[in-house]
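K.L.:
First, the structure itself, so that you have it in front of you.
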Amino acid sequence: MIKLVLLDVDGTLTDPGRLISLRAVEAIRKVQKDGITVSLASGNVIPVMYGLKTFIGVKAPVFAENGGAMFQNDEIFPFFSMEGPKKLFDRLEKEGKLKGILSNRWRLTSMAYVPSGEYAGEIAETAENEDLVTVDSGFSWHLLNRGQDKGFALDKLKEIYSLDYGEILVMGDSYNDAPMFRKDVVKVVPANAEEGLKKVADHITKEGNGDGVAEILLNLRSL
């Protein structure tokens with residue numbers, strides 16, 4: 001029986017234009033009333049996740065920066081350091097190999113960027129040498145600490161709520177969501193998901209983006 005649902009935001013709750021699905025919002029509120037815990041995990045920043053949690057009405061903790069920080073009960077919990085990502089980001093920016101994005105001013109544990117020219121591979125290799133990792137969310141690239149991913153957020157929720165993986169459903173559309181796809185969790189992707197994720201998913205929704213979220217949430221009992 002599913003007791004907790006962990007959802008990606010961009011491309012899952014939202015459409016390609018980043019508009020949030022009202023059907024998904026209504027479905028989240030409904031399943032919460034039915035006793036299902038719902039959480040969100042995103043590469044975005046705490047202020048965005050605070051807004052989503054507040055205005056959607058998500059009761060559980062939510063996670064920003066690919067699991068790097070958690071918000072709950074008006075408190076922010078950073079789990080990783082900004083030192084490594086910021087130091088490398090500043091160096092690569094000075095070398096003209098990347099450009100930062102607006103949300104960096106609110107980041108606590110990572111840096112987001114757009115590679116300049118064809119430097120994406122070189123940036124990833126440099127990060128690896130610095131014991132960091134790069135992830136492409138489909139909306140921007142992220143420079144992260146090793147171990148900082150949405151699987152970390154999943155494990156934290158499992159610990160907080162004392163659940164087994166088999167009692168958790170995860171849903172995402174992009175490769176930065178792959179760390180949530182642990183062996184025993186129920187793995188769901190919307191119709192618009194990357195093909196590689198579809199290959200490892202337990203369920204692929206007929207509809208895409210937020211409509212797919214609503215589809216799966218309103219049919220949890222049949223899984």
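The values are calculated or read from the model by the stated rules, or taken from the named source; none is laboratory data. If you're wondering where the values come from, they're calculated on a predicted model, not measured in any experiment. Here the Cβ is made from the backbone with ideal geometry for all residues, glycine too, and neighbour counts use every protein chain on show.
K.L.:
Restricting to the range 58-81, count the residues that are surrounded by fewer than 21 Cβ atoms within 10 Å (Cβ to Cβ) and either touching a residue at least 60 places away in the same chain (Cβ under 8 Å) or over 18 Å from the mean Cα position of the chain (by Cα) (or both).
P.N.:
6
K.L.:
Looking at (1) surrounded by 14 or more Cβ atoms within 10 Å (Cβ to Cβ); (2) under 18 Å from the mean Cα position of the chain (by Cα), which is the one condition that is false for Thr54?
P.N.:
(1)
K.L.:
Okay, moving on. Restricting attention to the range 175-192, report how many residues are within 23 Å of Thr37 (Cβ to Cβ) and either of a type in the set (Lys, Arg) or touching a strand residue (DSSP E or B) at 6+ places or on another chain (Cβ under 8 Å) (or both). I'd like the intermediate steps shown before the answer.
P.N.:
Here is the first cut: in the range 175-192, the residues within 23 Å of Thr37 (Cβ to Cβ) are 176-190.
Keeping just the survivors that are either of a type in the set (Lys, Arg) or touching a strand residue (DSSP E or B) at 6+ places or on another chain (Cβ under 8 Å) (or both) gives 176-177, 180-183, 185-190.
Final tally of qualifying residues: 12.
K.L.:
Let me ask something else. Of the residues Gly196, Gly210, which single one is under 20 Å from Gln32 (Cβ atoms), part of a helix (DSSP H, G or I), assigned by TED's automatic domain parsing to the domain that holds Ala64 and under 18 Å from the mean Cα position of the chain (by Cα)?
P.N.:
Sole residue among the options that is under 20 Å from Gln32 (Cβ atoms), part of a helix (DSSP H, G or I), assigned by TED's automatic domain parsing to the domain that holds Ala64 and under 18 Å from the mean Cα position of the chain (by Cα): Gly210.
K.L.:
Read through the list (1) farther than 21 Å from Leu102 by Cα; (2) surrounded by 23 or more Cβ atoms within 10 Å (Cβ to Cβ), then give the number of the only condition that Gly43 fails.
P.N.:
Every condition holds for Gly43 apart from (1).
K.L.:
Next question. Surrounded by 22 or more Cβ atoms within 10 Å (Cβ to Cβ), without any contact (Cβ under 8 Å) to a residue 60 or more places away in the chain and closer than 20 Å to Gly35 by Cα: which single residue out of Ile168, Ile216 fits that description? Lay out the reasoning, then the answer.
P.N.:
Working: Ile168 fails: without any contact (Cβ under 8 Å) to a residue 60 or more places away in the chain.
Within the list Ile168, Ile216, the selection yields Ile216.
K.L.:
Return the only residue of Ala191, Ala124 being over 29 Å from Glu215 (Cβ atoms), of a type in the set (Gly, Ala, Ser) and either free of Cβ contacts under 8 Å to residues at least 60 places away in the same chain or part of a helix (DSSP H, G or I) (or both). Spell out the reasoning first.
P.N.:
Details: Ala191 fails: over 29 Å from Glu215 (Cβ atoms).
So the residue among Ala191, Ala124 that is over 29 Å from Glu215 (Cβ atoms), of a type in the set (Gly, Ala, Ser) and either free of Cβ contacts under 8 Å to residues at least 60 places away in the same chain or part of a helix (DSSP H, G or I) (or both) is Ala124.
K.L.:
Which of the residues belonging to the range 138-177 are part of a loop (DSSP other than H, G, I, E, B) and either under 23 Å from Ala60 (Cα atoms) or among the aromatic types (Phe, Trp, Tyr) (or both)?
P.N.:
Phe139, Gly147, Gln148, Asp149, Ser162, Leu163, Asp164, Gly172, Asp173, Ser174 - these are the residues of the range 138-177 that are part of a loop (DSSP other than H, G, I, E, B) and either under 23 Å from Ala60 (Cα atoms) or among the aromatic types (Phe, Trp, Tyr) (or both).
K.L.:
Taking the options Thr54, Thr37, name whichever one is out of contact with any helix residue (DSSP H, G or I) (no Cβ under 9 Å at 6 or more places or on another chain), more than 23 Å from Tyr113 (Cβ to Cβ) and among the polar types (S, T, N, Q).
P.N.:
Values: Thr37 fails: out of contact with any helix residue (DSSP H, G or I) (no Cβ under 9 Å at 6 or more places or on another chain).
Selected residue: Thr54, the only one of Thr54, Thr37 that is out of contact with any helix residue (DSSP H, G or I) (no Cβ under 9 Å at 6 or more places or on another chain), more than 23 Å from Tyr113 (Cβ to Cβ) and among the polar types (S, T, N, Q).
K.L.:
Looking at the range 4-62, which of its residues are among the basic types (Lys, Arg), part of a loop (DSSP other than H, G, I, E, B) and touching a strand residue (DSSP E or B) at 6+ places or on another chain (Cβ under 9 Å)?
P.N.:
As a first pass, look at the range 4-62 and keep what is among the basic types (Lys, Arg): 18, 23, 29-30, 33, 53, 59.
With the extra rule that they be part of a loop (DSSP other than H, G, I, E, B), the set shrinks to 18, 59.
Within the range 4-62, Lys59 is the sole residue that qualifies.
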